[in-house]
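Participant: First, the structure itself, so that you have it in front of you.
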Amino acid sequence: MRFPAQPPEPAIVERATGVTGGELVLRRVGDHYEIISNGVFLMDTRDGSSERALVRASLAVLPPDRVDLTVLVGGLGVGFSAAEALACDRVAHVQVVELEPQVIAWHSGPLGAVAGHLPEEPRCRITRADLVEWLSAAEGSFDAICLDIDNGPDWTVVESNGLLYEPAALDRLAAITAPQGVVAFWSAMPAPGFARLLRERFGAVEAIEVPAPRGTPDLVYLARSED
C-alpha cells in the first residue's frame, strides 16, 4: 500500500518584532513562503490569484485609452499586487506603502525572486509608512488605489488597521483618486457594512468574488465616483 506523501514541515526563515510589537515570521514550506503575524496566517506564495485580481479588476475599469497610469498599492506582502500592476504596460508608476521594514527587507532577500525584485524595479517606489498616516499627507493623485493591508475590514490582525475602513480615511482616499479612477479593497470575507460605507462615499460599488483554495471566496470591493 502506498501512503500519501506527508507535507513538508514549515521551516522558520526569519523572525522579527513587528512595528506594532507583535511577532512577524517568514517561514518556508517546501518551495513556498508564508508570512505569519502574531500567530495569524497572512499570506503565502502558493497562488496569489486574489491579490492579482485586486489589481487586474481595478485596471480593467479605467478608461481604455488612459495611459501612463499611476497605481497606489497599500501593503507589500509577498509582492503579487505590485507585480501585477507592473505587468501592465499602461502603468507608468507604482507606489507601494508598507508598514513593516522587515517585509520590505525580505524582498531584497528570500522573497526577491517571487515578485521580480521590486526594490530594484525603476517603476516601483516602496515607502515604509503606516498607510493611514501616509494618506493624511499624500499629494497628487492615483488612477487606481489597491489596498490589502490586512484580512479585511471585519477581520484585522492589527487593530489600528481598522482606521483605514472608516469614513475619514475614505475621504482621504477619494481626495487622491484621479477623475474616473478607482479605489479597491481586498477582504477575506464579505463585509456588507463596509460596502454600505463605500456606497455612501463613492456611489458605485462592485463586489467581486475570487475563489479561494480553501473555504469561502475572497472579496474585492471596487469603489468609483458616479460623478
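The values are calculated or read from the model by the stated rules, or taken from the named source; none is laboratory data. Predicted model only: the values in this text are computed from it and were never measured. With ideal geometry, Cβ positions are generated from the backbone for all residues, glycine too; neighbour counts draw on all protein chains shown.
Participant: Of the residues VAL71, VAL67, which single one is buried (at least 18 other Cβ atoms within 10 Å of the Cβ) and over 28 Å from GLY21 (Cα atoms)?
Facilitator: Being buried (at least 18 other Cβ atoms within 10 Å of the Cβ) and over 28 Å from GLY21 (Cα atoms) holds for just one of VAL71, VAL67, which is VAL71.
Participant: Also, quick follow-up: Note down all Cβ pairs under 7 Å where the first residue falls in segment 7-32 and is within 24 Å of ILE149 (Cβ to Cβ), the second is part of a loop (DSSP other than H, G, I, E, B) and among the charged types (D, E, K, R), and they're at least six residues apart or on different chains.
Facilitator: Listed by first residue and then by second, the contacts come to GLY18/GLU100; VAL19/GLU100; LEU24/GLU100; HIS32/ARG46.
Participant: Let me ask something else about it. Keeping to segment 1-21, report how many residues are at pLDDT below 85 and either surrounded by 15 or more Cβ atoms within 10 Å (Cβ to Cβ) or within 22 Å of the chain's Cα centre (by Cα) (or both).
Facilitator: 2
Participant: Does SER136 satisfy the criteria of being out of contact with any His (no Cβ under 9 Å at 6 or more places or on another chain) and at pLDDT 95 or above?
Facilitator: Against the criterion (out of contact with any His (no Cβ under 9 Å at 6 or more places or on another chain) and at pLDDT 95 or above), SER136 does not qualify.
Participant: Next question, about the same structure. Filter segment 196-227 for residues that are part of a helix (DSSP H, G or I) and closer than 20 Å to VAL73 by Cα and give the result.
Facilitator: Once the filter is applied, which keeps residues that are part of a helix (DSSP H, G or I) and closer than 20 Å to VAL73 by Cα, segment 196-227 yields LEU198, PHE202.
Participant: Restricting attention to segment 136-168, which residues are closer than 22 Å to GLY77 by Cβ, small (Gly, Ala, Ser) and out of contact with any Ser or Thr (no Cβ under 9 Å at 6 or more places or on another chain)?
Facilitator: Passing the criteria: only ALA138.
Participant: Outside any strand (DSSP E or B), crowded, with 22+ Cβ neighbours inside 10 Å and not β-branched (Val, Ile, Thr): which single residue out of ASP171, ASP150 fits that description?
Facilitator: Just a single option satisfies the conditions, and that option is ASP150.
Participant: Going residue by residue through segment 114-127, is there one that turns out to be touching a Pro at 6+ places or on another chain (Cβ under 8 Å) and part of a strand (DSSP E or B)?
Facilitator: Among the residues of segment 114-127, at least one is touching a Pro at 6+ places or on another chain (Cβ under 8 Å) and part of a strand (DSSP E or B), which makes the answer yes.
Participant: Another question, if that's okay. If we keep just the residues of segment 55-75 that are farther than 9 Å from ALA144 by Cβ and in a loop (DSSP other than H, G, I, E, B), which is farthest from the chain's Cα centre (by Cα)?
Facilitator: That would be ASP65.
Participant: Can you tell me which residues in segment 151-177 are touching a Lys or Arg at 6+ places or on another chain (Cβ under 9 Å) and either within 21 Å of SER49 (Cα to Cα) or not charged (D, E, K, R) (or both)?
Facilitator: PRO167, LEU170, LEU173, ALA174, THR177
Participant: Consider ARG46 carefully, then state whether it is under 19 Å from the mean Cα position of the chain (by Cα), surrounded by fewer than 17 Cβ atoms within 10 Å (Cβ to Cβ) and assigned to a loop (DSSP other than H, G, I, E, B).
Facilitator: So ARG46 passes the test.
Here's the yes/no breakdown for (1) under 25 Å from GLU34 (Cα atoms); (2) of a type in the set (Asp, Glu):
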| position | (1), (2) |
| --- | --- |
| VAL55 | yes, no |
| THR70 | no, no |
| GLY75 | yes, no |
| GLY79 | yes, no |
| GLU84 | yes, yes |
| ALA92 | no, no |
| ILE126 | yes, no |
| GLU133 | no, yes |
| SER160 | yes, no |
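Participant: Going through ALA83, ALA92 one at a time, which residue ends up being of a type in the set (A, V, I, L, M, F, W, C) and outside any helix (DSSP H, G or I)?
Facilitator: ALA92
Participant: Taking the condition in a loop (DSSP other than H, G, I, E, B), surrounded by 20 or more Cβ atoms within 10 Å (Cβ to Cβ) and free of Cβ contacts under 8 Å to residues at least 60 places away in the same chain, does VAL78 pass?
Facilitator: yes
Participant: If GLN180 passes every condition in (1) free of Cβ contacts under 8 Å to residues at least 40 places away in the same chain; (2) more than 27 Å from ILE35 (Cβ to Cβ); (3) loosely packed, with under 15 Cβ neighbours inside 10 Å but one, which one does it miss?
Facilitator: It fails just one condition, (1).
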